[in-house]
Each structure stands twice: as structure tokens, then as C-alpha cells.
1. Report yes if Tyr147 is within 20 Å of Met38 (Cα to Cα), modelled with pLDDT of 80 or more and not in a helix (DSSP H, G or I), otherwise no.
2. Does the range 41-62 include one or more residues that are more than 18 Å from Ile133 (Cβ to Cβ), modelled with pLDDT of 90 or more and among the aromatic types (Phe, Trp, Tyr)?
3. Just to verify a result, which residue in the range 150-178, among those that are among the small types (Gly, Ala, Ser) and not in a helix (DSSP H, G or I), is farthest from Asn86 (Cα to Cα)?
4. Against the condition closer than 14 Å to Trp79 by Cα, touching a Ser or Thr at 6+ places or on another chain (Cβ under 9 Å) and surrounded by 13 or more Cβ atoms within 10 Å (Cβ to Cβ), how does Ala52 come out, does it pass?
5. So in the range 1-15, with the set limited to residues that are part of a helix (DSSP H, G or I) and surrounded by fewer than 17 Cβ atoms within 10 Å (Cβ to Cβ), which one is modelled with the lowest pLDDT?
6. Which is at pLDDT 70 or above and over 13 Å from the mean Cα position of the chain (by Cα), of Leu161, Leu122, Leu179?
7. Residues Ile67, Ile30: which one is closer than 25 Å to Leu149 by Cβ, buried (at least 16 other Cβ atoms within 10 Å of the Cβ) and hydrophobic (A, V, I, L, M, F, W, C)?
Amino acid sequence: MGNVKTAFRNIHQNLIDGCKNGDQKAQFQIYKLYYKAMFNTSLRIVSDTMEAEDVMQEAFLSAFEKIDTYSGNVSFGAWLKKIVINRSLDVVSRKKAIFEDIDTHYELMEELGNTSDEVNGLHEKMNDVKSAINKLPDGYRIILSLYLLEGYDHDEIADILSISSSTSRSQLSRAKQKLLSELMNGKERR
């Protein structure tokens, strides 16, 4: 076969091209399209709305300044998310997040109990989980967010955080155990 183009074709390519040309309307449209998802990604890592807001401003400014480096090999959203995650991790590292290197793994209970089909019950459980995640130490919360919520694998997390993939696995195991403990303690307090 001939020369096949491997670049990712974005559904908003015209806006990305506009951003590359310095079009402020295109930048605003990109901002509106990606802001909420990127804010949520940052918030799960930094666990503070004001800091997540600051990260968003810096990340978008950085993305627009470096948009010529966007090669199109991945989706624009994935490229932007990497900038947001790196900025968020910078904020956390300034807070001295500590990653423990743990040799042992713990088994996690698969079931948290009965699940309710009622919408209110589901919202309450979702809020309980969000609250419990926010109570986790930075290291655990970051690993859990990157793995479960952002979909990164252990090798990618190891690269992002400059840790070993075994450390990522053990941190995830400990984070799940700690999360389960927080959720169980929350049930007992009711």
C-alpha cells in the first residue's frame, strides 16, 4: 500500500487549525468544548476547585501557545488532557505528595453490599464515593484517578509520575483498600 497518513483526524479540526492561526474565536470554542472534562480531570487530582480552576487557565494558555507541537497522532482531547494532568501533578508535587514503594498487595472485597436501583440511592452512593476519594492521601487519590477515572495503564502512570509500574500497582491496591475503608466508615457513621 502507498503512504498511509497515520494522523488522528479530529472532529473539530477546523477549530484546531483556527487556534494554530491565532483565531481567538476558535480558541474560545475549543475552551468551551473541553473545559468541563479537563476541569474534572484536574479536580480529581488536585482536590481543590480553586486550584483546579488555576490549572485550567494555565493548561489552556500552555496548549494554545504550544499548539504547533500538536502532531495529530492522538486526539486533541488526549493531548490536552496530558497537559492538564501534568499541570495538576505539578500542583500536587508542590504540596509534597509522597508515593510509597510497597512490596505487598492486598486483596480488595469485590462487593460493597446491596445496590439500589433508585436514582436517589445511586446519587447518594456516587456522592459517598466522591467524598471518600477526596479524603484519600494525594498519592492514593492521584493513582486511583489516573487508573480508574482517566483510563491510564500502570506503565503510563509510571511514566507520568516517574515511578515504577510495580509502585503504581501497589499504590492502586492500597488506594482501593483505603477507599473501601473510607466507604465502610462512612456507612457506620450514618
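1. no
2. Taking every residue of the range 41-62 in turn, at least one turns out to be more than 18 Å from Ile133 (Cβ to Cβ), modelled with pLDDT of 90 or more and among the aromatic types (Phe, Trp, Tyr).
3. Here the answer is Ser164.
4. no
5. Initially, the range 1-15 is screened for residues part of a helix (DSSP H, G or I), giving 13-15.
Still in the running and surrounded by fewer than 17 Cβ atoms within 10 Å (Cβ to Cβ): 13-14.
Values: Gln13: 84, Asn14: 87.
Out of the qualifying residues, it is Gln13.
6. Leu179
7. Ile30
The values are calculated or read from the model by the stated rules, or taken from the named source; none is laboratory data. A quick note: this is a predicted structure, and the numbers were derived from the prediction, not measured. Here the Cβ is made from the backbone with ideal geometry for all residues, glycine too, and neighbour counts use every protein chain on show.
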